[in-house]
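Undergrad: This is the structure I want to talk about, given as structure tokens.
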Amino acid sequence: MRALHIRLQHLFPLGELTEQRPDLGFVTVPAAYLRPTLLHLRDREGYTHLVLLTAVDWLEEDLFQLTYLLSNRSTGCDIGLRVKFPRQAAHMESIHDLWPTAATYQRELREMFGIDFPGSPRLHEEFILEGWNDIPPYRRDFDTLKYARANYNDRPGRETHDPEQHMKQQLYPDGA
Amino acid sequence: MSVRDVLSPFTAWKNLFRDPVSIPDPLNRAAAPRYRGFHQNDVEKCIGCGTCETICQNGAIDMVPVEGIETKSGDSGLRPRIDYGRCCWCALCVDVCMTKSLTMSNAYTWVENDPDLFCFTPGVDKKHWDNAELGYHCPTDRRITGQVRAHMRELEPETRIDSFVEIVQGYSVEEAILEADRCVACGLPCATAITSAAWNCSTPATRFPASAAASAPTSARTPALPATKATRSPSAG
Amino acid sequence: MSFDWMKIPYALLTVFIVFNYGMLLGALIQKIGARAGRRHGIPIWQNYVDLIKNYGQRTSITHGVMFYLGPVFRLTGGIGLLLFVPTIYGSYMFSNLSFAGDLILALYFVFFGTLGMALGAGESGHPHAAIGITRGLSQVSVAELPFALAVFAVALQYQTLSVTDIVAAQQGGVMNWTLFTNPLAVAAAMLAFLGSMMRPPFDVVIAPQEIPIGPPTEYHSAYLALMQTNRAIFPIAKMVIYMNLFFGGATSWPEFAVKVFLLYLFSAFVGVCFPRFRVEQSIRWFLIWAVPLGVLAILWV
Amino acid sequence: MALYTPDRSQYPAKKADGTLDIDLASGKYLKLWQGPNHPGITGNMSVELTVCGDEVVEGKTHVGYLHRGFEKLMERRSFIQCFPIVCRICVPEPDFNEYCYAAAVEDLSGIQSPERANWMRALILEMGRINSYLMYLGGQAGALGLGVIGQWTTYARDLMLDRFEEMTGARIYHMFILPGGVRDGLPDGFDQRMEETLREIESTMKDVHDVMFHNAVFKKRTVGQGVIDPAWLDQYGVTGPNARAAGVAKDVRRDQPYLVYRELEFEPVIGHDSDIYTRSDVRRRDLLMSVDLIRQILAKMPRSGPLIADMPSMLHWKIPRGETYVRGECSRGEYGYYLVTDGSGFPRRVNVRGPSYTHAMALLERMIVNINISDVAALMVSLHTYPPEIER
Amino acid sequence: MEQELKPELQIRKVKGPDGVEFEVEPLRDYYCEALPTVQHGAYIQIVEDFFNWARSHSLWILGFGTGCGAIEMRPLMTPRFDAYRYGIQWRPTPRQANLLVISGYLSVKTLKRAIRAYEQMQSPKYVVGLGSCTINGGMYWDSYNTIKRLDDYMPVDLYIVGCMPRPEALLAGFEDLKKLIRAGKAEGANQYAEKFDWYKSNQKRVIHDWDMPDYSW
């Protein structure tokens, strides 16, 4: 992994390589250099299999992180490219022309995180949720419990007691 | 498309002469000895510590007072009431049970047409599987809540007799953390009258010195991720 | 043209016997098919219970008159086929309403049920029903071709169009059944029999996996019950025709029962072991295998 | 003998930018839903077919019928609480979720699961693979009309479920592979009963081989149908038996051996002309290989030793910040978990990457054009897609 | 917030084969606008008991696996548990089914299809809820996309408990359902007709893009 990272650093201004396992490494890529890095990895380095394209929501740093995981079939190594960009009006260039299957990933990220990929085919079609009228559900600031309480009613008759408070009331009723 | 392709499918008919394999009476067929069926609870052994409620990820367990069991020191008088409209029979509550009182029988048939009847307190509400001995019991040699108690080092007897040095050497920082880690913060021992602040075990996350736990999400805007103890309030429903 | 009225109650008696026999035989064949899948299968009386349940449904939705007439046509096809052909040869009671030219009428009734069903299912407006009809009509009409050729071969061989005379010619010993006197015709007819019995090699019409049960998708409660009675009568009636033309008719009820059971078992025997043909594959299969046999049968007579 | 093959060049009419020019009002096209309530699909997904005559012109896969938002729920549960919910993601083979999640958590927290637990995990994964293949064979034969195969294979699968129930305490959702190890050992007398079950499965597979794979009508319906072009393997990320049937020897158990697959001898099964028949044959031979693998595992398995590593208290277990991706070879292809932790007691992000994600969406929509309506069910089952992996 | 309708659902002008221009409104149910009414059984009690006996012995299940419990329905129809012996059978179309099994959790998208399938079934129809997800939300009690109580949206006759109830539990459940039907207490369809508005308001509260007729016959 180290050798690959050094070779890449000559070409693109990459961040530090965090090596999770001998065959798996993650490296941060500035947004502008994403496409050339992907093309370079796919055509010259043999990382032809796009395993995964997903987003991580760092709410407290107000950043979205997109992870492109590529795998090299012959050597069995994986490399994850991390791209970070601000959460407001999140958008990233589409890579559906490099891998047709990326269009499906981008459709899901648009619906679940609200990240826009201009130019990706059938991007604004309903993919999983039908008639969704709230903010994209996978964002960290969407509270699923509050939504569930508001829209569906639970079965009544469920209340619990905290053992500590209950013991205090029972053993020392007047709080002496 | 050889002749064999036309004739060999007819070998399917040799099953006509083998007897069918249907289970003759499937309605009362016993499940495997280790099957995770419906819950049983030994009401005497249970001390109502609420750890099963803490670990239940479906919020299926409520601690409810039971008449005939009054609160005494060491027993909060509450018993777990399990809502089978939430339970997923993962038996984490059986694994984490402090006194090993909560177990599972291997009964699996319960059919009702009124949905509200599926909330029952094992051991208190009588059920036909209460004394079934087959079923899932937590393997005794393993506990979900950490290893066995860390041994406190002491001086050897030879040096002990000719000096007034403190015999018990106490824990190092790691041992202390390991030992503190084993407390499930059930609140029973510290529910005394004078509850001083140091012992107020409300949320275990705060009781650890900051260095042990990695940087807890500090920013206020992180959604109210329930620390383990605090799950009690939201699951109250 | 005298018409003795006594034949009508006897004919109704035949229909009643054949209906019950069809219900029980259908359940028995399903049990045998289930036994091939190593399970017990439905209880024998299950068809009756399903029939009563469907008649007992409280609501039913009609899509128009033709929708209602579809199952009625199909049932008339079944009963008509049964009535105009002698079930038991030689007995006055059970040679119900058969007359000189009933072979042609029987041929017409075999295809009449399918046409009525197509019109009714078309009215139901379900896309799956529409696809099922197009497949059903094309497949049954191609399956009809070898059957017609076989029937003409038999008619030429015995120089008559009356089923009673054909059965009379085949009496006396197994050797002079059409099975042995004209085996090619019987082979073509048996392949056609597979095609019209809606069993797996050729049941793409009511294929549950592709188009959920094709034409009868929209039929329910009382209409479905009408079709269930037909599913009891129509196969038995078709087998009566086959038995009379090719296997020497039946002189008594037990002989009738055994021969019909064997014919029904033949279609189930093939049906359990094969998946479905697509429509154009089944048409091509009939044209390659069954029709030449029929033509040869006619030439050979 | 090809009687008549119609010329397909300008048909159907295409717009300038290559998308299909279909106007339903013209009456030439019929929009047909092979919808969620349909016996011909595996699981709840629907394919919206635009049909002209009996031939599919365009297909769109619609998913989302089984969406429960696992990744959102897992962010609200601590690591031990995520363990029971994880196996609910994919029903025909739940153990792979448990293994991948447990391996990802161990990878990040630096805990090493003991030797005996690794053997137990490999045993469970192989048993789950056999169940999934048995259900596949029943579905493939059923989609083409051969109902009797489904009866036998589900019977054989049921015997295997009894072995699961006996070992793990549950039939389908075993909840047995815990982060850090396994929950319990083998019950006594298990090997002998397992050998009986394997022999019963092998005799059933012999019947299936005779009736299904030497069947003239089955061959006529499947040979040459639904061909996957090897060039698509990289574009559409095709993995598992679909890729192996196209001649590419890609098996994670061989390329990146995990658990104990280094010590087992097996050869990935390869097919060559990548149509529906070859894919079902590859899966049948894979099943027989799994039966042999189970025998090897039961022979070499250590019978004593710790079952679970010594873990910190699970109630408030915190894992330092990090991210990892763990993969395994499930019956449908490469199954992987991408886990990100931020040091709190809860996973920051879990992404489940099931093989059906690309097989059912991009690949199916590409392959469904120009095939007959009756073959849509057979094609969908032959890709062995399972919708909960797509929408989780 | 009202979602703008999909293009194929808007009102459109269509020219018939005979040149006549007419307007087609896809959302209006041309077949029947009436709401369901309470269907009473046969007048004589004996006949009703006889029909109930026949209905109990021939339960036709709709082949719609809505949740994860559907995988335990498969062993029911195959050699090992063989529900055919009890008169239970798969039917692919809602028209011919009289028992709808909601097998586990029900996401909102599937709920919409399940309601439509339920309404197309004929009058004496029964609903059985499997697993804990239909009683009080089950494991997905805090999920934004699954319903928590099935009896808010459909009249449910019977619940079978188990996080995926076993095939034996399913068979025991069907035996209990048969007793209910024979006793004449399984009148879910009439209950749906009586409290129709309550059910519809619950359903519309959860399904936001309601683009189908109120009662799809």
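Please treat every number below as a calculation from the coordinates, not as lab data. Quick caveat: nothing in here was measured; it's all calculated off a predicted structure. When we count neighbours, we look across all protein chains shown, and the Cβ atoms used for this are built from the backbone with ideal geometry, even at glycine.
Undergrad: Name the residue farthest towards the positive end of the dipole of the protein assembly as shown from the options E:ILE44, C:GLY249, B:CYS87, assuming +1 on Cβ of Lys and Arg, -1 on Cβ of Asp and Glu, about the Cα centre.
TA: Going by the charge dipole, the pick is C:GLY249.
Undergrad: Filter the cross-link list D:LYS15/D:LYS219; E:LYS125/E:LYS200; A:LYS146/E:LYS200; D:LYS60/E:LYS13 down to pairs whose alpha-carbon distance in this structure exceeds 28 Å.
TA: Going by Cα-Cα distance, D:LYS15/D:LYS219 fall outside the 28 Å limit.
Undergrad: So which trypsin sites (Lys or Arg not before Pro) in region A:100-144 end up in coil per DSSP with only 15 or fewer other C-beta atoms within 10 Å?
TA: Details: sites: A:ARG107, A:ARG110, A:ARG122, A:ARG139, A:ARG140; in loops: A:ARG122, A:ARG139, A:ARG140.
Passing both the DSSP loop test and the Cβ count: A:ARG122.
Undergrad: Which value in deg cm²/dmol, rounded to the nearest 500, describes the helix-derived mean residue ellipticity at 222 nm for the protein assembly as shown, given -39,500 (n - 2.57) per DSSP H run of n ≥ 4 and division by the residue count?
TA: Result for the protein assembly as shown: -12000 deg cm²/dmol, rounded to the nearest 500.
Undergrad: Which of the trypsin sites (Lys or Arg not before Pro) across region D:299-357 are loop residues per DSSP, with 13 or fewer other Cβ within 10 Å?
TA: On the way: sites: D:LYS300, D:ARG303, D:LYS318, D:ARG321, D:ARG327, D:ARG332, D:ARG348, D:ARG349, D:ARG353; in loops: D:ARG303, D:LYS318, D:ARG321, D:ARG332.
Loop-located and lightly packed - D:ARG303, D:ARG321.
Undergrad: Let me ask something additional. Could you size up the charge dipole of region D:15-56 around its Cα centre, putting +1 on the beta carbon of Lys and Arg and -1 on that of Asp and Glu, and report it in debye to the nearest 20? Working shown, then result.
TA: Details: 3 positive and 6 negative charges, 22 e Å.
With only Lys, Arg, Asp and Glu charged at Cβ, the dipole is about 100 debye.
Undergrad: If you don't mind, there's one more thing I want to ask. I need the trypsin sites (Lys or Arg not before Pro) found in region A:30-94, filtered to DSSP loop residues with at most 16 other beta carbons within 10 Å of theirs. All intermediate terms of the calculation are to be shown ahead of the outcome.
TA: Numbers: sites: A:ARG42, A:ARG44, A:ARG73, A:ARG82, A:LYS84, A:ARG87; in loops: A:ARG44, A:ARG73, A:ARG87.
Qualifying residues, ordered by number: A:ARG44.
Undergrad: Please give the charge dipole size of region A:26-176, origin at the Cα centre, charges +1 on K and R Cβ atoms and -1 on D and E Cβ atoms. Round to the nearest 20 debye. Walk me through the intermediate numbers first.
TA: Working: 17 positive and 23 negative charges, 92 e Å.
Magnitude of the dipole: close to 440 debye.
Undergrad: When Cβ neighbours within 10 Å are restricted to other protein chains, what is their mean count per residue of peptide D:205-218? Let's see the in-between values first.
TA: Working: counts 0, 1, 5, 1, 1, 9, 10, 5, 2, 8, 9, 13, 16, 5.
That works out to 6 on average.
Undergrad: Evaluate chain D: find the radius of gyration of its Cα atoms, find its Kirkwood radius, and give the ratio Rg to Rh. Present the calculation step by step, with values, prior to reporting the outcome.
TA: Numbers: Rg = 22.1 Å, Rh = 22.2 Å.
That ratio is 1.00, to two decimals.
Undergrad: Express in whole angstrom the spacing between the alpha-carbon centres of region B:1-17 and region B:121-172.
TA: 65
Undergrad: Given an 8 Å cut-off on Cα distances and at least 6 residues of separation, report the relative contact order of chain E as a percent.
TA: Values: 338 pairs, mean separation 49.0, N = 217.
Computed value for chain E: 23 percent relative contact order.
Undergrad: Please arrange B:HIS39, C:HIS126 by counting, for each residue, the other beta carbons lying within 10 Å of its beta carbon, fewest first.
TA: Ranking B:HIS39, C:HIS126 by Cβ neighbours within 10 Å, fewest first, gives C:HIS126, B:HIS39.
Undergrad: Pairs of Cα atoms under 8 Å, at least six residues apart: use those to get the relative contact order of chain A, whole percent.
TA: 14
Undergrad: DSSP beta bridges in region E:45-206, what fraction antiparallel, as a percent rounded to 5? Kindly include the intermediate steps, with their values, before the conclusion.
TA: Numbers: 1 of 14 bridges.
Once the DSSP bridges in region E:45-206 are tallied, antiparallel ones form about 5 percent.
Undergrad: Whole angstrom only: what separates the Cα centroid of region C:158-206 from the Cα centroid of region D:216-261?
TA: One Cα centre to the other: 48 Å.
Undergrad: May I ask for the equivalent-ellipsoid semi-axes of chain C, computed as the square root of five times each C-alpha gyration tensor eigenvalue and listed largest first in whole Å?
TA: After diagonalising the Cα gyration tensor, the semi-axes are 30, 23, 19 Å.
Undergrad: Another question about this same structure. Take D:ASP158, D:ASP95, B:ASP5 and order them by how many other Cβ atoms sit within 10 Å, fewest up front. Walk me through the intermediate numbers first.
TA: Details: D:ASP158 21, D:ASP95 28, B:ASP5 16.
Listing D:ASP158, D:ASP95, B:ASP5 from fewest to most nearby Cβ atoms yields B:ASP5, D:ASP158, D:ASP95.
Undergrad: Right, another one. Please give the average number of partner chain Cβ atoms lying within 10 Å of the Cβ of each residue in A:68-81, rounded to a whole number. Walk me through the numbers on the way to the answer.
TA: Details: counts 0, 6, 0, 8, 0, 7, 1, 1, 5, 1, 4, 0, 4, 0.
For peptide A:68-81, the averaged partner shielding equals 3.
Undergrad: Among bridges DSSP assigns within the protein assembly as shown, what percent are antiparallel (round to 5)? Numbers along the way, then the final one.
TA: Details: 74 of 94 bridges.
Antiparallel bridges make up about 80 percent of those DSSP assigns within the protein assembly as shown.
Undergrad: Count, for each residue of A:53-62, the Cβ atoms from other chains sitting within 10 Å of its Cβ, then give me the mean as a whole number. Please list the in-between numbers first.
TA: Details: counts 2, 8, 2, 7, 4, 4, 6, 7, 1, 2.
So the per-residue partner count for this stretch is 4.
Undergrad: Which value results when the Cα radius of gyration for region A:40-128 is divided by 2.2 N^0.38 Å? Can you show the working numbers first?
TA: Numbers: Rg = 13.6 Å, N = 89, 2.2 N^0.38 = 12.1 Å.
After normalising by residue count via 2.2 N^0.38 Å, the value is 1.12.
Undergrad: Please go through the residue pairs B:LYS126/E:LYS109; D:LYS206/D:LYS250; B:LYS126/E:LYS179 and name each one whose alpha carbons sit more than 32 Å apart in this structure. Please list the in-between numbers first.
TA: Working: B:LYS126/E:LYS109 40 Å; D:LYS206/D:LYS250 27 Å; B:LYS126/E:LYS179 24 Å.
The answer is B:LYS126/E:LYS109.
Undergrad: From the gyration tensor of the Cα coordinates in region B:146-194, what semi-axes in whole Å does the equivalent ellipsoid have, largest first, with each one equal to sqrt(5λ)?
TA: Details: eigenvalues 176, 48, 14 Å².
In descending order, the three semi-axes are 30, 16, 8 Å.
Undergrad: Nearest 10 degrees, 0 to 90: what angle lies between the long axis of helix A:102-113 and the longest principal axis of chain A (Cα atoms)?
TA: On a 0 to 90 degree scale, this one is about 30.
Undergrad: Diagonalise the Cα gyration tensor of chain E and give the resulting equivalent ellipsoid semi-axes, square root of 5 times each eigenvalue, largest first, whole Å. Could the numbers behind the result be given before it?
TA: Values: eigenvalues 209, 103, 57 Å².
The equivalent ellipsoid of chain E has semi-axes of 32, 23, 17 Å.
Undergrad: Between Rg and the Kirkwood Rh of region C:1-102, both from Cα atoms, what is the Rg to Rh ratio? Write out the running numbers ahead of the final one.
TA: Details: Rg = 17.9 Å, Rh = 16.6 Å.
Ratio value, two decimals: 1.08.
Undergrad: Just want to confirm a number: the relative contact order over region D:289-355, from Cα pairs under 8 angstrom separated by 6+ residues, in percent. Walk me through the numbers on the way to the answer.
TA: On the way: 78 pairs, mean separation 15.8, N = 67.
Normalised by residue count, the contact order of region D:289-355 is 24 percent.
Undergrad: Using +1 on the beta carbon of Lys and Arg, -1 on that of Asp and Glu, and nothing else charged, what's the dipole of chain C about the Cα centre, debye to 20?
TA: 800
Undergrad: If one takes the longest principal axis of the Cα atoms in chain C, at what angle in degrees, from 0 to 90 and to the nearest 10, does the Cα axis of helix C:291-300 lie?
TA: 10
Undergrad: Let me ask something else about it. Which angle from 0 to 90°, rounded to the nearest 10, does the C-alpha axis of helix A:2-11 make with the longest principal axis of chain A?
TA: 70
Undergrad: Gap in Å between the Cα centre of region D:89-154 and the Cα centre of region A:63-79?
TA: Cα centroid to Cα centroid, the span is 25 Å.
Undergrad: Putting +1 on Lys and Arg Cβ atoms and -1 on Asp and Glu Cβ atoms, find which of B:GLN57, B:VAL96, B:ILE144 reaches farthest to the positive end of the dipole of region B:35-178.
TA: Checking the options against the dipole of region B:35-178, the answer is B:GLN57.
Undergrad: Using a Debye calculation, one point per C-alpha and no hydration shell, please list log10 I(q)/I(0) for the protein assembly as shown at q = 0.05, 0.08 Å⁻¹ in order.
TA: Ignoring solvent entirely, the Cα scatterers give -0.41, -1.00.
Undergrad: Set Lys and Arg Cβ to +1 and Asp and Glu Cβ to -1, take the dipole of chain A about its Cα centre, and tell me which of A:LEU123, A:TYR33, A:LEU66 lies farthest positive.
TA: A:TYR33
Undergrad: What is the fewest-to-most order of B:ASP83, D:ASP162, B:ASP95, B:ASP75 by other Cβ atoms lying within 10 Å of their Cβ? Please report the intermediate quantities before stating the final value.
TA: Working: B:ASP83 25, D:ASP162 15, B:ASP95 22, B:ASP75 18.
By the 10 Å Cβ count, ascending, the order reads D:ASP162, B:ASP75, B:ASP95, B:ASP83.
Undergrad: Could you work out the per residue convex hull volume over the alpha carbons of region D:155-215, in cubic angstrom? Before the final figure, lay out each step's value.
TA: Values: hull volume 5.8 nm³, N = 61.
Spelled out: Cα convex hull of region D:155-215, divided by residues, is 96 Å³.
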